[in-house]
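A.B. asks: Sharing a structure with you now.
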Amino acid sequence: MDSGIEKTKELPVQEITIDTDTRDILARETKYQKEKGFADWPIVDIDAHHSEMTSWRQVIEYIEDPILLHYAREFQSRTGGAPGLSNHTPGLRYQDAGGRIPHQQQIAEPVDDKSVHRDVTLVRRSMQALGLDYQVLFPGNLLQLGTHPQPRVEAHLALAYNRWVCDTILPEDNRIKTLLYLPLGEPEVCHRIIDEFSERQGVVGFMITSVRFKPVHHNSYIPIYRKLEERNLPLAFHAGLTWTDEWTKQTDLFISMHAISFVLCNIVHMTNWIIHGLPERFPNLKTIWIESGLAWLPFMMQRLDSEYQMRPSEAPLLKKLPSDYIREMHFSSQPIETSNMKLTEATFDGINASSQLMYSSDWPHWDFNAPSTIYDLPFLDEQAKRNILGENALRVFNLDRPAGK
Amino acid sequence: MVKVFVGVESDFEDRGRRVIEYNDTEIGVFFVDEEFFAYENKCVHQGGPICQGRILNRVVEVLADDRTSQGLTWDEEDVHIVCPWHGYEFNIKTGVHPGNKNARLRRFDVSVEGGEVYVDV
Ligand code: FES
């Protein structure tokens, strides 16, 4: 221009709020993928969430126990929308950092398409914006169900949610997958769930919520693991938060509790899993450790190796070092820790990330990671990036390769 | 260097903003305490849309003379822009994170000429 002054355009969204469209919130990632040239890679997100509590009125109608169904309906009619029967504690929802992170607070954007459940549209929007070919979807608040004081209620809510998600969400889009909830509080119901749902569209395995206080190597669970191994179904341990154990009770801020509890639960379960020889008992059962980040893994490898070598008589099923078993496990990438890139690189080396690690977003939670967080890692070659972003998950979950990719 | 038109000065309210795009570069221009500040709309954390976040005062912890904590409160001076992706906060006048001086936003110069606001890109 002669004047030396250039015209500009205003962005359509000046401030992101709970009403902003998912595609606008994530627009920068969509743009990055095009700029950086990996928009056409296969990308699989193995951990994302929807808010099942907003559909609770529908979910409870799938409760098969008539008395529990009555209770759940009464909760609804009395309060107009309580998460009746669940052990969700609404007063402690600090995840959005006092409204600073709107997509964690609420996804209130308009959805006009009435032909599918609203959550299907929201999932499709996040997949479009993040450039995904598949997304593995989990519930939100139900991840706390492992600490429900009533095992029977845990089991019936798990059954109801699983039926609802298999009927309402998964059939609508073949790109949406899930690892279904196993209510370990009632082992025989876990068997029913595996038998009833493992062939349903979109079910690619099963999941134990890690926030629970019963050891995962207990003999009552062994037949469950055997069944999963026989059917070649992966088992995930999905971490979560808890403010009710004796350690996290001492942390009086959300940041402290969250930082520790998402790791502590999987530290305990992985220790029991390895030291009690579960990888030897079920060598073909694929385990996936979800949402604990990665920085805990070098600690686990070194700590368990040191102690095991001094006390092999306490872990006689082991035929190699604990770290050797860890290197054969699978992990989701989020929330990735990158404040010291040398430590991050050493972690990736330690866990054989190129073949074992799978990208996860955790969208729409406050500490989500977009695919760029993997693409931008300075120490990975292109093949490792491709593996972590999509190829490993295509293999682990036996997913069809996306057309043209 | 190009002078890019952002808007009319009188249209900016206190703590108001314009987030614009020029040649694929997104820039947020903020008006706080009678001054303009401009940053790239790209968070140093993971590239999120920092300039489209909430504007809130900095939170501080009050310590008594004996160093016991008296709880949290809003700082009366420092204003923060908060990234809507994951919550990184930056002083809106300096572009620097309160606890990590290496985390700083890319800054642009702003000028006002004849009641019109421009950024140098
Ligand atoms: S991208 Fe801004 S806080 Fe993460």
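Each value in this text was obtained by applying a stated rule to the coordinates, not by laboratory testing. Model, not experiment: these values are computed from the prediction. FYI the Cβ positions are ideal-geometry reconstructions off the backbone, even for glycines, and counts take in every protein chain you see.
A.B. asks: Order these by the 10 Å Cβ neighbour count, fewest first: A:MET53, A:MET341.
C.D. replies: If I rank by nearby Cβ atoms, fewest first, I get A:MET341, A:MET53.
A.B. asks: In what sequence do A:ILE267, B:ILE27 fall when counting other Cβ within 10 Å, fewest first?
C.D. replies: Fewest-to-most ranking of A:ILE267, B:ILE27: A:ILE267, B:ILE27.
A.B. asks: While we're looking at this one, here's another question. Below 8 Å, C-alpha to C-alpha, sequence gap of six or more: please give me the relative contact order for chain A in percent.
C.D. replies: Computed value for chain A: 19 percent relative contact order.
A.B. asks: When the Kirkwood radius is taken over all Cα pairs of the range A:189-343, what Stokes-Einstein diffusion coefficient follows at 10 °C and 1.306 mPa s, in µm²/s?
C.D. replies: Rounded, D is 95 µm²/s.
A.B. asks: Quick check: the distance between the Cα centres of the range A:192-209 and the range B:1-69, to the nearest angstrom?
C.D. replies: Using only Cα atoms to place each centre, the spacing works out to 47 Å.
A.B. asks: Peptides B:71-80, A:236-245: what's the order by average Cβ count within 10 Å, highest mean first?
C.D. replies: Result, highest mean first: A:236-245, B:71-80.
A.B. asks: A further question follows. Which of A:MET341, A:GLY91, A:LEU137 sits farthest toward the positive end of the charge dipole of the protein assembly as shown, with +1 on the Cβ of Lys and Arg and -1 on the Cβ of Asp and Glu?
C.D. replies: Towards the positive end, the residue furthest out is A:LEU137.
A.B. asks: How large is ³J(HN,Hα) for each residue in the range A:164-171, as worked out from phi by the Karplus curve 6.51 cos²θ - 1.76 cosθ + 1.60 (θ = phi - 60°), to whole Hz, x for Gly and Pro?
C.D. replies: Rounded to whole hertz, the list is 4, 5, 6, 7, 9, 9, 5, x.
A.B. asks: Could you work out the mean count of beta carbons from other protein chains within 10 Å of each residue's beta carbon in B:48-58?
C.D. replies: Mean partner-chain Cβ count within 10 Å for B:48-58: 5.
A.B. asks: For the range A:120-254, what percent of Cα pairs sit more than 19 Å apart?
C.D. replies: 53 percent
A.B. asks: In addition: Averaged across A:95-101, how many Cβ atoms of other chains sit within 10 Å of each residue's Cβ atom?
C.D. replies: Average neighbour count from other chains, rounded to a whole number: 5.
A.B. asks: Got a sec? How would A:THR271, A:THR347, A:THR251 order by Cβ neighbour count within 10 Å, fewest to most?
C.D. replies: A:THR251, A:THR271, A:THR347
A.B. asks: Right, next: Can you give the translational diffusion coefficient of the range B:3-120 in µm²/s, computed by Stokes-Einstein from the Kirkwood radius over Cα pairs at 10 °C and 1.306 mPa s?
C.D. replies: Estimated diffusion coefficient is 105 µm²/s.
A.B. asks: Still on this structure, I have one more. For B:ARG58, which sequence-distant residues (separation of 5 or more, or a different chain) have an amide H within less than 5 Å of its own amide H, given hydrogens modelled in the peptide plane?
C.D. replies: B:ASP75, B:ASP78, B:VAL79, B:HIS80
A.B. asks: Okay, next question. If you average the sequence gap of Cα pairs under 8 Å that are 6 or more apart and divide by the length of the range B:3-120, what percent do you get for the contact order?
C.D. replies: 26 percent
A.B. asks: What do the square roots of 5 times the Cα gyration tensor eigenvalues come to for the range A:20-134, in whole Å, largest first, as semi-axes of the equivalent ellipsoid?
C.D. replies: Each semi-axis is √(5λ); the values are 34, 17, 13 Å.
A.B. asks: Additional query: Averaged over A:381-388, how many beta carbons belonging to a partner chain fall within 10 Å of each residue's beta carbon?
C.D. replies: Shielding by partners across A:381-388 averages 0.
A.B. asks: Could you tell me the center-to-center distance, by alpha carbons, between the range A:146-172 and the range B:75-119 in angstrom?
C.D. replies: Between the Cα centre of the range A:146-172 and that of the range B:75-119, the gap is 45 Å.
A.B. asks: Next question. Just A:TYR134, A:TYR375, A:TYR359 to compare: in a GNM of chain A, with alpha carbon springs under 10 Å, which one fluctuates most?
C.D. replies: Taking springs between Cα atoms under 10 Å, the residue moving most is A:TYR375.
A.B. asks: Of the beta bridges DSSP finds with both residues in the range A:13-396, what % are antiparallel, to the nearest 5?
C.D. replies: 0 percent
A.B. asks: Let me ask another. With the Cα gyration tensor of the range A:1-72 giving a ≥ b ≥ c as the square roots of its eigenvalues, does the rule (a/c under 1.5 for rounded; else a/b larger than b/c for prolate; else oblate) give rounded, prolate or oblate?
C.D. replies: It is oblate, given that a/c is not under 1.5 and a/b is not larger than b/c.
A.B. asks: Given the rule -39500 (n - 2.57) for each run of at least 4 DSSP H residues, summed and divided by the residues of chain A, what is its mean residue ellipticity at 222 nm, to the nearest 500 deg cm²/dmol?
C.D. replies: -11500 deg cm²/dmol
A.B. asks: In whole Hz, with x marking every Gly and Pro, tabulate ³J(HN,Hα) for the range B:45-62 from phi via Karplus 6.51 cos²θ - 1.76 cosθ + 1.60, θ = phi - 60°.
C.D. replies: 6, 9, x, x, x, 3, 6, 9, x, 7, 9, 9, 5, 5, 8, 10, 9, 8
A.B. asks: Taking a temperature of 20 °C and a viscosity of 1.002 mPa s, what whole-number D in µm²/s does Stokes-Einstein yield for the protein assembly as shown with Rh from Kirkwood over alpha carbon pairs?
C.D. replies: It diffuses with D of about 86 µm²/s by this estimate.
A.B. asks: Something else: Give, rounded to the nearest 20 debye, the magnitude of the charge dipole that the range A:1-130 has about its Cα centre when Lys and Arg contribute +1 at Cβ and Asp and Glu contribute -1 at Cβ.
C.D. replies: Using only the charged Cβ atoms, the result is roughly 120 debye.
A.B. asks: While we're looking at this one, here's another question. Long-range amide H contacts for B:GLU26: which residues qualify at under 5 Å (H placed 1.01 Å from N, peptide plane, sequence gap of 5 or more or a different chain)?
C.D. replies: Here the answer is B:ASN41, since their amide H atoms fall under 5 Å of that of B:GLU26.
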